[in-house]
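The values are calculated or read from the model by the stated rules, or taken from the named source; none is laboratory data. Predicted model, so just to flag it, every value in this text is computed and none were measured. Ideal geometry is used to build each Cβ from the backbone, glycine not excepted, and the neighbour counts take in all protein chains shown. Just so you know, the surface numbers come from the protein's heavy atoms only, side chains and all, with ligands and any DNA or RNA stripped out. Shrake-Rupley method; radii C 1.70, N 1.55, O 1.52, S 1.80 Å.
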Amino acid sequence: MKTPDSLVFLTESLRHLPGVGPKSAQRIAFHLLQHDRDGAAQLSRALAQAAQNIRHCAQCNTFTEESLCDTCQDEGRDTSLLCVVETPGDQLMIEQTLTYKGLYFVLMGRLSPLDGIGPKDIHLDKLIARAADGVVQEVVLATNFTNEGEATAHYISEMMKARGLKVSRLARGVPVGGELEYVDAGTIARAMLDRRAT
């Protein structure tokens, strides 16, 4: 039996999603066509609308439908603080803490030479221009604590310090509600090194 071309195309398209392999893509495609045609049509419209309307903020590089995102347009923000994150998802998580009132720059990735991702691929030229605008006083590095995220933070830190900007990094340590017995040794070591006075 020959699989219909449209079904093959749908299955292959679903494989673009992170964590979705051939079997999962096939299962999703069958589910949408067999049990949720309305959901499939809605998903199709939503993807087409997002692909057409979503662009990068001219100032912070996050996703927006306007030339400037709502955060960059917010006059109540502390314009002297610039938090650098890898993704819009990371930005959203920081916003949900309600503890940061500065502005952002979203890299849309991280340095990864093994994957061929260099400084140009994560908009570092745009970040430098943004940070060196004469208003920003401190750059807060909030990249992930992976090897690539650490390398990216170090690279950006050196660039910003060379331009006379104050640079800080998110603290690492024991999670809230965590019990030391169940926390890995690397996290405890970093928490000990980053301890502060009470």
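Here is how the numbers come out for the structure above:
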{"read-out": "Condition check for Ala153: open to solvent by less than 70 Å² (accessible area, probe 1.4 Å), in contact with a Leu (Cβ under 6 Å, 6 or more places away or on another chain) and not polar (S, T, N, Q)", "value": "yes"}
{"read-out": "Contacts under 8 angstrom Cβ, first residue in region 1-14 being closer than 16 Å to Gln34 by Cα and hydroxyl-bearing (Ser, Thr, Tyr), partner part of a helix (DSSP H, G or I) and open to solvent by less than 90 Å² (accessible area, probe 1.4 Å), 6 or more apart", "value": "Thr11/Pro22; Thr11/Ala25; Thr11/Gln26; Thr11/Ala29"}
{"read-out": "Hits in region 91-107 - residues which are open to solvent by 10 Å² or more (accessible area, probe 1.4 Å) and either among the basic types (Lys, Arg) or touching a Cys at 6+ places or on another chain (Cβ under 7 Å) (or both)", "value": "Ile94, Tyr100, Lys101"}
{"read-out": "Segments classed as helices (runs of 4 or more DSSP H), wholly inside region 106-198, with at least 2 members that are under 19 Å from Asn61 (Cβ atoms)", "value": "124-131, 147-162"}
{"read-out": "Flag if Ser44 is more than 28 Å from Thr146 (Cα to Cα), assigned to a helix (DSSP H, G or I) and of a type in the set (Ser, Thr, Tyr)", "value": "yes"}
{"read-out": "Residue match in region 139-150 (condition: open to solvent by 60 Å² or more (accessible area, probe 1.4 Å), at pLDDT below 95 and of a type in the set (A, V, I, L, M, F, W, C))", "value": "yes"}
{"read-out": "So Gln59, is it among the polar types (S, T, N, Q), closer than 30 Å to Leu124 by Cβ and either surrounded by 11 or more Cβ atoms within 10 Å (Cβ to Cβ) or in contact (Cβ under 8 Å) with a residue 12 or more places away in the chain (or both)", "value": "yes"}
{"read-out": "Any pair with Cβ under 9 angstrom, 6 or more apart, that starts in region 80-99 at a residue that is closer than 20 Å to Ser112 by Cα and part of a loop (DSSP other than H, G, I, E, B) and ends at one that is small (Gly, Ala, Ser) and open to solvent by less than 20 Å² (accessible area, probe 1.4 Å)", "value": "Glu86/Gly109; Glu86/Ala142; Glu86/Gly149; Thr87/Gly109"}
{"read-out": "The one condition in (1) more than 16 Å from the chain's Cα centre (by Cα); (2) open to solvent by 70 Å² or more (accessible area, probe 1.4 Å) that Leu81 fails to fulfil", "value": "(2)"}
{"read-out": "Residue that is part of a strand (DSSP E or B) and either of a type in the set (A, V, I, L, M) or at negative phi (or both), where the choices are Leu68, Leu103", "value": "Leu103"}
{"read-out": "Of all residues in region 174-193 being loosely packed, with under 12 Cβ neighbours inside 10 Å and within 26 Å of the chain's Cα centre (by Cα), the one that is nearest to Val85 (Cα to Cα)", "value": "Pro175"}
{"read-out": "Pair list, Cβ under 6 Å, 6 or more apart: region 159-173 residue open to solvent by 80 Å² or more (accessible area, probe 1.4 Å), other residue part of a strand (DSSP E or B) and aliphatic (A, V, I, L, M)", "value": "Lys161/Val167"}
